[in-house]
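What follows is a single structure, written as structure tokens, with notes after it.
The values are calculated or read from the model by the stated rules, or taken from the named source; none is laboratory data. Computed from a predicted structure; not experimentally measured. Virtual Cβ from ideal backbone geometry, glycine too; neighbours counted across all protein chains shown.
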Amino acid sequence: MISSQFRRTSGLLAVVALLVMACSSASPATPTPGATSAPTSAPQPTATPATATCPDGSTQIEVASWWTTGGEATGLQRLFDKFNADNPGLCAYNAAIAGGAGSRAQAIFKARVLGGAPPDSLQVHMGHELLDTYVNLPGGSTLDPLDDIVDASKFPAGVVSIISGADGHIYTVPVNIHRANEMWFNKSVFTDNGLTAPTTWDEFFTVADALKAKNITPLALGDNGIWAFGMVFEDVLIGTLGVDGFNALWTDPAAWNSADVTAALNTTWKVFNEDVNTDHNALSWDQANQMVIDGKAGMTLMGDWANGDYVAKNFTGYGWAPAPGNSGIYQALADSFPLPSLAPDKDATKKLLTFMASAEGQDIFNPYKGSIPARSDAGHPPADGQQYNEYQLSAMQDWAANTVVPSMEHGAAASPAFKSAIEAALTAFQTSGDVAAAQAAMAAAAAEALGQ
């Protein structure tokens with residue numbers, strides 16, 4: 001059962017659609033892919049990834065990621081543990097670099113790939129981040145095709161579309177599907193104060209006022225990387241513009257001039273100025289999530305890697321709902337792992353990627369990660385393994401039933417340059433609160449990115 005809900009547009013509006021049966025980032029960083037001939041003029045990496053703890057004499061497979069905390073690091077390690085046990089002599093390990101949902105790691109990984117010294121594989125978001133940065137390049141892809149590893153019939157058509165280059169070949173292994181537009185709340189805080197999850201922004205402000213009256217922070221925000229604030233803005237955009245209006249932002253520069261975008265910016269400023277913790281820019285997303293766990297905050301807006309954080313911390317007193325105004329809309333993103341053309345050990349890495357592409361591998365990884373599997377036939381962990389929890393089972397149902405829109409902050413909706421320009425406007429907006437200036441800057445960024 002597959003339905004097309006992510007749309008391709010001029011260039012590629014990584015619009016993925018689909019039904020999956022059975023889909024972060026914490027505070028770390030982002031990756032890259034490689035192919036036949038890699039440019040040699042790129043800057044060299046400015047940081048050294050973690051080293052492996054592998055048996056002497058083993059063939060080490062360096063997998064560069066930005067997963068350093070909670071369920072995401074645990075899930076990847078569990079997957080590696082199984083692979084390493086089944087493949088004596090091989091040792092896959094997580095060469096993780098922390099910082100800002102991949103922003104720091106992305107720069108390092110890109111420099112390594114384009115500089116001709118890539119890891120064996122690396123984490124990269126599907127969509128524009130993958131294709132614009134590493135695949136559809138004037139000099140050719142820096143990644144090897146993986147058509148022999150990724151069985152297109154086992155993945156939703158929309159997923160296959162945004163992992164395929166202009167030449168039609170598949171260039172990465174998708175391991176999960178995440179939902180970005182989720183609201184999380186402390187159930188005890190809400191019950192004790194007679195509150196229910198807000199379904200509109202007006203309801204949100206009513207709930208926020210009730211929480212402030214009890215000296216509880218309404219919305220925990222950890223935006224020591226601007227991406228977390230960008231996710232809040234995207235939630236407001238979706239709730240204000242709806243599916244068609246939100247999707248238009250990534251294809252039509254004029255869409256940024258609408259009265260609805262003005263309204264979304266006003267709502268975002270009200271949320272930010274009145275209802276978030278004052279130390280927001282000193283916290284990472286998971287530290288903000290800890291405020292919800294501790295009952296110091298009532299809510300947080302974050303992708304469902306927050307679910308993995310709760311699982312890792314053995315916290316069960318949380319509830320969830322779509323962000324206000326986002327009911328029936330699933331903002332999706334996905335992590336994936338490609339094969340750089342200049343990878344040190346391609347044969348060993350292809351064995352690992354084959355396992356990561358399998359239903360078995362995805363059902364080891366995702367129950368810890370908090371996401372759901374990208375494979376349509378996955379969703380059945382072994383009886384003695386970690387099981388999908390109540391949230392993940394509900395996410396599988398929503399993934400099948402909701403309309404899917406792409407994530408800007410996580411590489412699907414916009415090119416890296418477009419995203420960076422929007423983030424620059426948001427950074428200035430946090431300081432000034434100037435709605436007109438922010439909207440003008442975003443419209444200019446869209447015109448530049450979309451060539452209009």
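Numerical summary
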item: Test: G222 is touching a His at 6+ places or on another chain (Cβ under 8 Å), in the same structural domain as A414 (by TED's automatic domain parsing) and modelled with pLDDT of 95 or more; result: yes
item: Single residue of the stretch 191-248 satisfying the filter (in contact with a Leu (Cβ under 9 Å, 6 or more places away or on another chain) and among the charged types (D, E, K, R)) that is farthest from D294 (Cα to Cα); result: D235
item: Residues satisfying the stated conditions in the stretch 50-87, i.e. part of a loop (DSSP other than H, G, I, E, B) and within 19 Å of S358 (Cβ to Cβ); result: N87
item: Unmet requirement for W250, which otherwise passes all of (1) part of a helix (DSSP H, G or I); (2) out of contact with any helix residue (DSSP H, G or I) (no Cβ under 6 Å at 6 or more places or on another chain); (3) buried (at least 23 other Cβ atoms within 10 Å of the Cβ); result: (1)
item: Positions within the stretch 95-126 being surrounded by fewer than 21 Cβ atoms within 10 Å (Cβ to Cβ), over 18 Å from I226 (Cα atoms) and under 23 Å from the mean Cα position of the chain (by Cα), in sequence order; result: A111
item: Top-ranked residue of the stretch 370-401 - restricted to ones that are in contact with a Phe, Trp or Tyr (Cβ under 7 Å, 6 or more places away or on another chain) and over 22 Å from A152 (Cα atoms), ranked as surrounded by the most Cβ atoms within 10 Å (Cβ to Cβ); result: G370
item: Pair list, Cβ < 6 Å and 6+ apart or interchain, from the stretch 68-88 residues that are more than 22 Å from P55 (Cβ to Cβ) to residues that are part of a helix (DSSP H, G or I) and of a type in the set (D, E, K, R); result: T69/D286; G70/D309; G71/K369; E72/K369; G75/K369
item: Selection count, the stretch 430-452, where residues are in contact with a Ser or Thr (Cβ under 8 Å, 6 or more places away or on another chain) and of a type outside the set (G, A, S); result: 3
item: Pair list, Cβ under 8 Å, 6 or more apart: the stretch 428-441 residue on the phi > 0 side of the Ramachandran plot, other residue in a helix (DSSP H, G or I) and at pLDDT 95 or above; result: G433/W269; G433/N273
item: Helices (runs of 4 or more DSSP H) contained entirely in the stretch 349-452, each with at least 3 residues that are touching an Asp or Glu at 6+ places or on another chain (Cβ under 6 Å) and of a type outside the set (K, R); result: none
item: Some residue of the stretch 206-215 being touching a strand residue (DSSP E or B) at 6+ places or on another chain (Cβ under 7 Å), closer than 22 Å to A263 by Cβ, buried (at least 21 other Cβ atoms within 10 Å of the Cβ) and small (G, A, S); result: yes
item: Enumeration of residues in the stretch 156-207 that are at pLDDT 95 or above and small (G, A, S); result: S164, G165, A166, G168, A180, S188, G194, A197
